[in-house]
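A short write-up of the structure that comes next.
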Amino acid sequence: MINHVSIGVRNIAATKRFYDAALKPLGYQCLSDGAGSLGYGQDAPAFWTNAAERPVPADAASGLHFCFTAPTRKSVDAFHAAALGAGGRDNGKPGLRADYGPDYYAAFVVDPDGYRIEAYCDRSQA
């Protein structure tokens with residue numbers, strides 16, 4: 001249904017370091033690297049970041065977050081570790097979320113601009 005999502009960021013270089021690291025374990029990479037924008041995906045960019053003068057202020061109470069599909073639980077773990085190592089903040093360690101479903105395995109982080117992101121796998125793979 002959604003072709004792509006685009007978010008505004010303050011520092012495109014810091015954003016690139018973060019998302020390159022965080023999304024790599026999930027099988028996503030930067031497919032478009034312009035002076036003021038980055039496009040991430042597998043075959044085509046679907047998640048865009050753009051340098052913005054006034055990005056949307058981070059608001060944990062807004063309910064806004066972005067969830068990326070992970071191929072395995074190990075890749076969810078690797079996403080979480082890579083995101084924290086690249087300047088993200090923990091917002092929920094990797095683990096099963098039984099209230100979302102019996103095999104819903106996810107991890108949550110906050111990126112350098114305050115956006116909440118999640119990686120999840122709904123398979124019972126180790």
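The values are calculated or read from the model by the stated rules, or taken from the named source; none is laboratory data. Only a predicted model underlies this, so the values are computations on that prediction, with no experimental measurement involved. With ideal geometry, Cβ positions are generated from the backbone for all residues, glycine too; neighbour counts draw on all protein chains shown. With ligands, DNA and RNA removed, areas are computed over all heavy atoms of the protein, side chains included. Shrake-Rupley method; radii C 1.70, N 1.55, O 1.52, S 1.80 Å.
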If the convex hull is drawn through the Cα atoms of the chain, its volume per residue in Å³: 106 Å³
Yeah, segment 53-126 with a ≥ b ≥ c from its alpha-carbon gyration tensor (a/c under 1.5 is rounded, else prolate when a/b outruns b/c, oblate otherwise) is prolate
Charge context of Leu84, other residues only, Cβ under 12 angstrom, K/R +1, D/E -1: -1
Distance in nm between pseudo-label sites at Glu53 and Ser32 (7 Å out along the Cβ direction from Cα): 2.2 nm
If you roll a 1.4 Å probe over the chain with all protein chains in place, what percent of the accessible area is carbon or sulfur? 52 percent
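Give the peptides 55-65, 6-16 in descending order of average Cβ contacts within 10 Å, highest first.
Peptide ranking by packing, descending: 6-16, 55-65.
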Based on DSSP, what percent of beta bridges with both residues in the chain are antiparallel, to the nearest 5? 70 percent
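Quick one, can you get me the convex hull of the C-alpha atoms of segment 16-62 expressed as volume per residue in Å³?
Details: hull volume 4.4 nm³, N = 47.
Hull volume over Cα atoms, normalised by residue count, gives 94 Å³.
Quick check for you: with a 1.4 Å probe and neighbouring chains kept, what is the accessible area per residue of the chain, in Å²? List each step's numbers first, then the result.
Details: 6900 Å² over 126 residues.
Per-residue value: 55 Å².
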Note, Pro112: beta-carbon cut-off 13 Å, +1 each Lys/Arg, -1 each Asp/Glu, net +2
Tilt of helix 73-85 relative to the longest C-alpha principal axis of the chain, in degrees (0 to 90, nearest 10)? 40 degrees
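So how do Glu53, Glu118 rank on accessible area, 1.4 Å probe, biggest first, that is with the largest at the start? Numbers along the way, then the final one.
Working: Glu53 170, Glu118 5 Å².
My answer, sorted largest first, is Glu53, Glu118.
Do you know the relative contact order of the chain, to the nearest whole percent, from alpha carbon pairs under 8 angstrom that are 6+ apart? Can you show the working numbers first?
Values: 260 pairs, mean separation 31.8, N = 126.
It comes to 25 percent, rounded to a whole number.
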Once you list every other residue whose beta carbon is under 13 Å from the beta carbon of Leu64, what net charge do they have if Lys and Arg are +1 and Asp and Glu are -1? -3
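Just in segment 30-126: which trypsin sites (Lys or Arg not before Pro) are loop by DSSP and have at most 13 other Cβ atoms within 10 Å?
Numbers: sites: Arg73, Lys74, Arg89, Arg97, Arg116, Arg123; in loops: Arg97, Arg123.
Those that pass, being in a loop and sparsely packed, are Arg123.
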